[in-house]
1. Tell me which cysteines of the chain come out unpaired when the rule is another cysteine's Cβ under 4.7 Å.
2. Where nothing but the Cβ of Lys and Arg (+1) and of Asp and Glu (-1) is charged, how large is the charge dipole of the range 309-432 around its Cα centre, in debye to the nearest 20?
3. What is the local net charge at P19, summed over the other residues whose Cβ is closer than 12 Å to its Cβ (Lys, Arg +1; Asp, Glu -1)?
4. By how many degrees, 0 to 90 and rounded to 10, does the Cα axis of helix 387-403 deviate from the longest principal axis of the chain?
5. As I understand it, the value is the acute angle between the Cα axis of helix 329-343 and the longest principal axis of the Cα atoms of the chain; what does it come to in degrees, rounded to 10?
6. Along the charge dipole of the range 201-295, which of F281, G220, I247 sits closest to the positive end, that is, farthest toward it, with unit charges on the beta carbon of Lys, Arg, Asp and Glu (+1, +1, -1, -1)?
7. Taking K and R as +1 and D and E as -1, what net charge do the other residues with C-beta under 14 Å from the C-beta of Y194 add up to?
8. Give me the aspartates and glutamates in straight-line cross-link reach of K112: C-alpha distance below 17 Å, same-chain residues under 8 apart excluded.
Amino acid sequence: MGKDTLRIISPNGHLGFAPTKEGSFYIGAETKPDYYCCDSGSDDIGPVPLGMDKCASHPDWQYHDLELMLLASREQGVPMIIGSAGDTGTNSRVDMYVEMIRDMAKKHGLKKFKLAYFYSEVDKEYLRRKMLAGETIEGLNSRTSLTMEELDATTRIVAVSGVHPFIKALEMGADVIIGGRTSDACVFASAAIYEGFPENIAYYTGKVLECASFCCEPYGAKESVIGTITKDDVKVTAMAPFQRCTIASVAGHAMYERTNPYYEYVAGGCLDMSECAYEQFDEKTCRITNPKFIPIEGRIKVKLEGSGYIGKRYMGLAGVRDPYTIKNIDKVIDWAKSQVAERHPDDKYELSYRIFGKNGVMGDMEPVKETKSHELLIVVEGVADDDALAQEVTLIGMRQIFYARLPEVKGTAGTAAFILDEVTKISDAYTWTMDHTVEVDDPLELFPVSMIEIGE
């Protein structure tokens, strides 16, 4: 007979992105949950980590969070599930987490346990064969269908798994699961579905738990929460003494990371939250009922994320305090760009300016058109195939902010102050080349599951 109630702890909304707060984690662990689950990735970090196959999070923080979860879950003999290993879920990041777990087991003398892992990288040739056979790789978020040019421009691709490889791993007897790139909610939903709970409850559980204490008030990141589910409802409880889960904080969390707060799409269907009911169950707990899950008709669509290399990249920083220069900052930037173009008329490069204090965050979407700041920070980025060219266009583009000539400027003091006189080499530039879906006959097709034994 299956469980009537299932309890899942979520210690961190993004494992290792900042260290998990140990106090609330241990409070949650003392309640002896049935599962320890955590998402470890996001495309919010941009295309660079995926393209370069590296982490955006500090390795010590990732080790810290994994160790907290591993020791608690092994002591209590309950499963631990991690999705999107190492921020991006690439094969090398999965391997990195597996080796971290192996090291922890040796360090703490843990008894033998089964560790399952799955990869999620997609070979470009797999997609090329499908496209040549006439299949359409549909675009998401206003993107058109994938072209061969876009595919060729892609450096690395990951598929975003649903619940299926996690359930497969649990069926194989896994104690610990390290997953490649995964839809956030599915890390948690997989445990609930495996235990026999309905999909609507399972997926809502995943949605509300995936960012941990982001669904609490007052806001405080990296604190643990626990989801308690039955066949009919989800209850989410804050573990930190200073936090509580309220109707407003939990319902409001549905708006996070989405244009439509009512729908969460996963491989296999859609979670519909449009008719969810929220009630304050107790001081620290919100109860949710009536989520719906709409299964997909036909073949399952799996999301693809692809990153493509652009070039070498440098950054410069300039500060502006002069009121007249601030008023005419667009003319200043145009002047600086013209000086770069004059020196490099035939070279291929990209030069961009982010003006913080004007529209540095939102760019052209900024609704406030009048600049009211008394000072500005201008971030200059130059990109080119050639390292020396990238450095020079960035340096000229930054220096010419100082030299910009405006009609009413009579002095020679210049119009900017440099935070650093030089420009700094930063990570190579990448861009998102792929935000698409591919149809599969088998939901495990892109996510091969392996099992190893670790411990003494």
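What follows draws every value from the coordinates through simple rules; no lab data is involved. Bear in mind the structure is a predicted one, so any value in this text is a computation, not a measurement. Cβ placement follows ideal geometry from the backbone for every residue including glycine, while neighbour counts extend to all protein chains displayed.
1. If one checks each Cβ against the other cysteines of the chain, C37, C38, C55, C186, C211, C215, C216, C270, C276 turn up with nothing under 4.7 Å.
2. 480 debye
3. Net charge in that neighbourhood comes out at -3.
4. 60 degrees
5. 80 degrees
6. The Cα lying farthest towards the positive end belongs to G220.
7. -3
8. Correct list for K112: E67, E75, E99, D103, D175, E453, E456.
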